[in-house]
Amino acid sequence: MTATTRADALVLFGATGDLAKKKLFPALYHMDVSGHLGVPVIGVAKSDLDDDGLRAYARSAVIAACGGDFNEEDFGRLAARLSLVAGDYSDRGTFERLATKLTEASATHPVYYLAIPPSLFPTVVESLAAVHLCRGARVVIEKPFGHDLTSAQKLNSVLHKAFPERAIFRIDHYLGKEPVEDLLVFRFANSFLEPIWNRRYVSNVEITMAEEFGVEGRGAFYDGVGAMRDVVQNHLLQVVALLAMEPPVRDDADSLRDEKVKVFKAMAPVDPKMVVRGQYDGYQAEPGVAPGSTTETFAALRFSIESWRWAGVPFYVRAGKALTTTALEATVELHPPPKMLFLGDKGANSDPNLLRFRLGVNDGVSLWVQAKSPGREDVTHPVELSVDFASALGHRQEAYERLLDDALDGDPRRFAREDMVEEAWRIVQPALDDSGPVYPYERGSWGPPEADRLIPTGRWFAPEGAG
């Protein structure tokens, strides 16, 4: 199968799992409605369900996601594509039955989506190879891609024994989000940014991923992962790369990913002294969390990018659960003017110019500038210039719709490449090897006060709308 051959089947391992229920079946429904599916969908799961049972399971998942927008006739077309191979992933017979099912569907170029625990990736990939189901196929794997640098390298070795790199699609759903991808477009489709997008004008960059909820019943999973592995090593380093990368020479996948890798290669491994970890009060009482757990639910880090453009500009990253709000934002602070002329008699400090990318639900861009405050004195007052993308641009696809469509098309632009994954692990590895203390923090706060020491001013910008 060439890189641009459209797949002729989608095989969904973990078809009765949480990800399939919450994200994949709703995405497949919308893809089918819009005419972007067009292939049989074969579920594989250790389950007592049959074909009709899987269809009922998918129907309940789509209804839960769509609510009043659910259409029975539309779902009927998706249901006709669904079938199930039930069996254990360690049983070769499961894969032989899958081979028969693919033959019956005349499918020679399938996509295998592994919506299963990462510990099962090697088992499934090796079993696919054992029954000769890898030739002409692609495989999609969900993060985490390993647990650290060494395990990521071992996973890549297993994958490459069965699939060439061009056929491996490492899915990080943040790369499929419209607001995150808009960072790339906003930077390189607007010429006014380029003159100031460097160390001469940018003072620092802050990236915040805040969630007001806790682990929400996922304690057993989260306790073995923590904030560093769950979102910093992947989601947030990808945001750093989009903010810091040079313009790609072309708009193809490898040119784009080459520039991201250059950013990661210019980043020194994080200094453990520039890392603060926290854990919200009550985390250890969550179901599935080990007694005395030191897993972090909050992480704040200071990164440096030793490139010509960014040398000396700190990139601050924080992520946490049970914080005061839910938001994903990147704030770029500019240096102050060389002389402050409009401070008034009291000599009050002027707020800095900020460019804020809102990357969450209410996505958009805000520019904070100084304007004259009403009155006799020439003093400044901060003013926000803002655009809401949903209002300006209308409805956008959900991330999994775009990513599933890309995987079927063989378009890797929104997927992570092997060298990108391993460089990201290299950057955070010192924080994993020397994790340091875990500071407690109150629910509904901005994390442990110790995080303030990472920034010389002791000030993090709160996301817009946060209390």
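The values are calculated or read from the model by the stated rules, or taken from the named source; none is laboratory data. Keep in mind that this is a model prediction, so the values were computed, not measured. All Cβ positions, glycine included, derive from the backbone under ideal geometry; neighbour counts span all protein chains shown. Heavy atoms of the whole protein, side chains included, go into the accessibility calculation; ligands, DNA and RNA do not. Shrake-Rupley method; radii C 1.70, N 1.55, O 1.52, S 1.80 Å.
Return yes when Val421 is surrounded by fewer than 22 Cβ atoms within 10 Å (Cβ to Cβ) and among the β-branched types (Val, Ile, Thr) and no when it is not. Answer is no for this residue. Within segment 310-329, the only residue that satisfies the criterion of being β-branched (Val, Ile, Thr), within 18 Å of the chain's Cα centre (by Cα) and assigned to a loop (DSSP other than H, G, I, E, B) is Thr326. Restricting segment 89-142 to residues that are open to solvent by 20 Å² or more (accessible area, probe 1.4 Å), among the polar types (S, T, N, Q) and not in a loop (DSSP other than H, G, I, E, B) leaves a set whose member that is nearest to Asp405 (Cα to Cα) is Thr103. For Leu28, are the conditions met, namely being of a type in the set (A, V, I, L, M, F, W, C), farther than 24 Å from Gly410 by Cα and buried (at least 18 other Cβ atoms within 10 Å of the Cβ)? So Leu28 fails the test. The residue of segment 158-182 that is surrounded by the fewest Cβ atoms within 10 Å (Cβ to Cβ), among those that are among the basic types (Lys, Arg) and touching a residue at least 60 places away in the same chain (Cβ under 8 Å), is Arg166. A single entry from Phe145, Phe95, Phe163, Phe169 fulfils the requirement of being of a type in the set (Phe, Trp, Tyr) and within 24 Å of Ser47 (Cβ to Cβ): Phe95.
Checked against (1) farther than 19 Å from Ile207 by Cβ; (2) surrounded by 14 or more Cβ atoms within 10 Å (Cβ to Cβ), Trp308 passes all but a single condition, namely (2).
Kindly indicate whether Arg453 is modelled with pLDDT of 90 or more, open to solvent by 30 Å² or more (accessible area, probe 1.4 Å), charged (D, E, K, R) and more than 30 Å from Ala167 (Cα to Cα).
So Arg453 fits the description; yes.
Looking only at segment 47-65, residues that are surrounded by 16 or more Cβ atoms within 10 Å (Cβ to Cβ) and either aliphatic (A, V, I, L, M) or not in a helix (DSSP H, G or I) (or both) come to 8 in all. Considering only segment 363-380, I want to know if a residue exists there that is surrounded by 14 or more Cβ atoms within 10 Å (Cβ to Cβ), β-branched (Val, Ile, Thr), closer than 30 Å to Arg6 by Cβ and in contact with a helix residue (DSSP H, G or I) (Cβ under 8 Å, 6 or more places away or on another chain). No, that holds for no residue. Scanning segment 66-88 for residues that are assigned to a helix (DSSP H, G or I), open to solvent by 60 Å² or more (accessible area, probe 1.4 Å) and within 17 Å of Met31 (Cβ to Cβ) returns Asp69, Glu73, Arg77. Of the residues that make up segment 258-271, is at least one acidic (Asp, Glu), assigned to a helix (DSSP H, G or I), modelled with pLDDT of 95 or more and open to solvent by 20 Å² or more (accessible area, probe 1.4 Å)? Yes, that holds for at least one residue.
Conditions (1) modelled with pLDDT of 95 or more; (2) outside any loop (DSSP other than H, G, I, E, B); (3) under 30 Å from Gln370 (Cα atoms), marked per residue:
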| position | (1), (2), (3) |
| --- | --- |
| Val249 | no, no, no |
| Ser304 | yes, yes, yes |
| Met340 | no, no, yes |
| Lys346 | no, no, yes |
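Note on segment 351-398: among residues that are over 25 Å from the mean Cα position of the chain (by Cα) and among the hydrophobic types (A, V, I, L, M, F, W, C), the one that is farthest from Glu329 (Cα to Cα) is Val379. Pairs linking a residue in segment 245-260 that is in contact (Cβ under 8 Å) with a residue 40 or more places away in the chain to a residue that is surrounded by 17 or more Cβ atoms within 10 Å (Cβ to Cβ) and part of a loop (DSSP other than H, G, I, E, B), with Cβ atoms under 7 Å and 6 or more positions apart or on different chains, are Ala253/Asp411; Ala253/Pro412; Leu256/Pro248; Arg257/Arg417; Lys260/Met245. Restricted to segment 143-178, and to residues there that are under 21 Å from Glu398 (Cα atoms) and in a helix (DSSP H, G or I), the residue that is farthest from the chain's Cα centre (by Cα) is Glu178. Any residue at all in segment 144-154 that is in contact with an Asp or Glu (Cβ under 8 Å, 6 or more places away or on another chain), of a type outside the set (Phe, Trp, Tyr), farther than 20 Å from Leu404 by Cα and surrounded by 17 or more Cβ atoms within 10 Å (Cβ to Cβ)? Scanning segment 144-154 turns up at least one residue that is in contact with an Asp or Glu (Cβ under 8 Å, 6 or more places away or on another chain), of a type outside the set (Phe, Trp, Tyr), farther than 20 Å from Leu404 by Cα and surrounded by 17 or more Cβ atoms within 10 Å (Cβ to Cβ). Looking across segment 183-205, the residues that are surrounded by 15 or more Cβ atoms within 10 Å (Cβ to Cβ), part of a helix (DSSP H, G or I) and either of a type in the set (Val, Ile, Thr) or in contact with a helix residue (DSSP H, G or I) (Cβ under 7 Å, 6 or more places away or on another chain) (or both) come down to Leu183, Leu184. Lys22 falls short on exactly one of the conditions (1) touching a residue at least 40 places away in the same chain (Cβ under 8 Å); (2) crowded, with 17+ Cβ neighbours inside 10 Å, and that condition is (2).
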